[in-house]
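The values are calculated or read from the model by the stated rules, or taken from the named source; none is laboratory data. Remember, it's a predicted structure, so these values are computed and weren't measured experimentally. Please note: Cβ atoms are built from the backbone with ideal geometry, for glycine as well, and neighbour counts cover all protein chains shown. Surface areas here come from the heavy atoms of the whole protein model, side chains and all, with no ligands, DNA or RNA. Shrake-Rupley method; radii C 1.70, N 1.55, O 1.52, S 1.80 Å.
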Amino acid sequence: MKLLPRLLGVTLPLLAAGCAGRQTQPAYDLVITHANVVDVETGRVRPDQTVAVSEGQIRQVANTSRQAPAAKRVMDGTGKYLIPGLWDMHVHFRGGDSLAAANRNLLPLYLAHGITTVRDAGGDLTPSIFAWREQIRAGRLAGPTIYTSGPKIDGPKAFWAGSLEVENQAQIDQALDSLQRLKVDYVKIYESTISREAFLNTIAAAEKRGMTTTGHMPYTATLREASERGLDASEHLYYVFKACSSKEDSITAAVQRSLSTPKPLGLFAVLPAVYRTYDAATAARLYRTLAQHKTAVVPTLYIQKLLAELPETDHSRDTLLAYIDPKIQATYARRLAGAQAQSAATRAFNKQLGAKFMTLVPALQQAGVTLLAGSDSGASNSYVYPGTSLLGELELLVQAGLTPAQALQAATINGARFLKADQHAGTIRAGKDADLVLLNQNPLVDIRNLRQINAVVTRGRVYTAAELRQMLQAVKHR
Ligand SMILES: [Zn+2]
């Protein structure tokens, strides 16, 4: 009688064992009893809850009754805390087909750290990502649910391999056509060579088609105009930060003028000027615009800090390196060389910038801007290990001034809403995907308790801490 929960839907009372008549099969695949359920929307804990799961979905959440409902598996959640599976809203799978298997081996690292959904922010492995996604859905591959932008949109001779290069409207339409054919989840725009016009026109054209857009942006454009065109999220804090300058217009004009000279100004060339002209009133106005136009922000504090500290940090003994394929480790060389080449002044400035970025976070939150937690983990982003980097990001968001509940929102319900998946994901409620993390300690008291994982559930499938360790062993290379 596997049909029972499906027939009766979410109103099915939690059947106690023995009360299910002649039913021989348990009603549920999984029941977690006596758990403290963390309601990420209210930031409150509902104690002593029973969560019943079948066919990959949460069927009911209710106070624990004396007898556990019949289930194939019952887990005792006494003293433990149940949160929705975490969403890492900025990761990359990339490096070309020769790195496809190495990228696939990153998937268990996400699960092992409680991340059951990731948003791929563009790369050159789109066919592989679609294949993994199907295998994960079918239960043949262990990994998080993947949302992807597919290839990035950029300008001619773009920096990242596999980008769709656009200069004029016809190319923009063509690029968006191809992304719609691919059925990507959103559009990611990158700024290595894209012009201001092509950037803004891509946002406007995508908006007309009802596609979600996120991006880096050329410093020749302003975040205000991008937000007004319909940009749905700004990746990293550089572009938000530039828009907090009281001299944004003249800095933007200087960047524009420099494009026709032998030495065009890049982002990092003008950041010191932006820093010097940061203005709280300008920032407050910008945040209101972002909130009004529903442009979310993905702060990625963790990678900023890690890269700022890279010149003087020895990562060669990081325990997690053992789970990163040597081919992916080889892609770390570019960032490392860049860090080694930095002047003392640049190093000092990058640290100052990180400290400044931290102050933007609570102000954005307070202004009602949606924050999305993302790590930027993936090939080329040295030592930003999948999994632990998102937990590090959440720790920094709290250090910056968010409450643990707000940080959790940024890594659960906000992500689900952003990807229009909140009808079926992002919180612990009947009818939602059974993506859950059972923690030994309360993450609302200390966000670092997200590291105290007892079990991870993805689409109803349970991985105990021991099974997660085994999963990691399988991708260990030394
Ligand atoms: Zn990225």
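Scan the stretch 422-433 and give yes if some residue there is surrounded by 18 or more Cβ atoms within 10 Å (Cβ to Cβ) and in a strand (DSSP E or B), otherwise no. Scanning the stretch 422-433, I find at least one residue that is surrounded by 18 or more Cβ atoms within 10 Å (Cβ to Cβ) and in a strand (DSSP E or B), so the answer is yes. Among the residues of the stretch 89-105, those identified as open to solvent by 40 Å² or more (accessible area, probe 1.4 Å), in a helix (DSSP H, G or I) and not acidic (Asp, Glu) are 98, 101, 104. Residues in the stretch 294-340 that are among the hydroxyl-bearing types (Ser, Thr, Tyr) and open to solvent by less than 30 Å² (accessible area, probe 1.4 Å): 295, 300, 332. Within the bounds of the stretch 162-177, is there any residue that is within 27 Å of residue 269 (Cβ to Cβ), of a type outside the set (S, T, N, Q) and in contact with a His (Cβ under 9 Å, 6 or more places away or on another chain)? There is no residue in the stretch 162-177 that is within 27 Å of residue 269 (Cβ to Cβ), of a type outside the set (S, T, N, Q) and in contact with a His (Cβ under 9 Å, 6 or more places away or on another chain).
Scanning the stretch 350-380 for residues that are on the phi < 0 side of the Ramachandran plot and within 13 Å of the ligand (Cβ to nearest atom) yields 372, 374, 375, 377, 379.
In the stretch 128-139, the count of residues that are at pLDDT 95 or above and within 16 Å of the ligand (Cβ to nearest atom) is one or more. Give the residues of the stretch 278-310 that are of a type in the set (Val, Ile, Thr) and at positive phi, sorted by residue number. Within the stretch 278-310, just 300 meets the criteria. Within the stretch 229-257, the set of residues being among the hydroxyl-bearing types (Ser, Thr, Tyr) and open to solvent by 10 Å² or more (accessible area, probe 1.4 Å) comprises 238, 246, 250, 252. Of the candidates 120, 76, 97, 39, the single residue that is within 16 Å of the ligand (Cβ to nearest atom), touching a residue at least 24 places away in the same chain (Cβ under 8 Å) and acidic (Asp, Glu) is 120. Contact map, the stretch 346-364: first residue under 16 Å from residue 300 (Cα atoms), second residue in a helix (DSSP H, G or I) and open to solvent by 60 Å² or more (accessible area, probe 1.4 Å), Cβ cut-off under 6 Å, separation 6 or more or different chains; pairs are 354/305. Among the conditions (1) at pLDDT 95 or above; (2) assigned to a loop (DSSP other than H, G, I, E, B); (3) open to solvent by 50 Å² or more (accessible area, probe 1.4 Å), residue 181 misses just one, which is (2).
Of the listed requirements (1) open to solvent by less than 10 Å² (accessible area, probe 1.4 Å); (2) within 16 Å of the ligand (Cβ to nearest atom), residue 226 misses just one: (2).
Applying the condition of being part of a helix (DSSP H, G or I) and open to solvent by less than 40 Å² (accessible area, probe 1.4 Å) to the stretch 266-283 and asking which residue is nearest to the ligand (Cβ to nearest atom) yields 267. Considered as a group, the residues in the stretch 272-297 that are polar (S, T, N, Q) and in contact (Cβ under 8 Å) with a residue 24 or more places away in the chain include one that is farthest from residue 368 (Cα to Cα), and that residue is 277. Of all the criteria given as (1) within 16 Å of the ligand (Cβ to nearest atom); (2) open to solvent by 10 Å² or more (accessible area, probe 1.4 Å); (3) under 14 Å from residue 90 (Cα atoms), the one not satisfied by residue 388 is (1).
Flag: residue 186 matches the condition of being of a type in the set (Ser, Thr, Tyr), in contact (Cβ under 8 Å) with a residue 60 or more places away in the chain and either open to solvent by less than 50 Å² (accessible area, probe 1.4 Å) or within 16 Å of the ligand (Cβ to nearest atom) (or both). All told, residue 361 falls short of being open to solvent by less than 50 Å² (accessible area, probe 1.4 Å), touching a strand residue (DSSP E or B) at 6+ places or on another chain (Cβ under 6 Å), under 26 Å from residue 272 (Cβ atoms) and not acidic (Asp, Glu).
Any idea how many residues of the stretch 30-47 are open to solvent by less than 70 Å² (accessible area, probe 1.4 Å) and in a strand (DSSP E or B)? Total satisfying the criteria: 10. Among residues of the stretch 133-153 that are farther than 15 Å from residue 100 by Cβ, those with a Cβ under 8 angstrom from a residue that is of a type in the set (Phe, Trp, Tyr) and surrounded by 19 or more Cβ atoms within 10 Å (Cβ to Cβ), sequence gap 6+ or separate chain, pair up as 142/463; 144/110; 147/186; 149/186; 152/190; 153/190.
In the set (1) farther than 28 Å from residue 359 by Cβ; (2) surrounded by fewer than 17 Cβ atoms within 10 Å (Cβ to Cβ); (3) touching a residue at least 60 places away in the same chain (Cβ under 8 Å), residue 403 fails one condition alone, (1).
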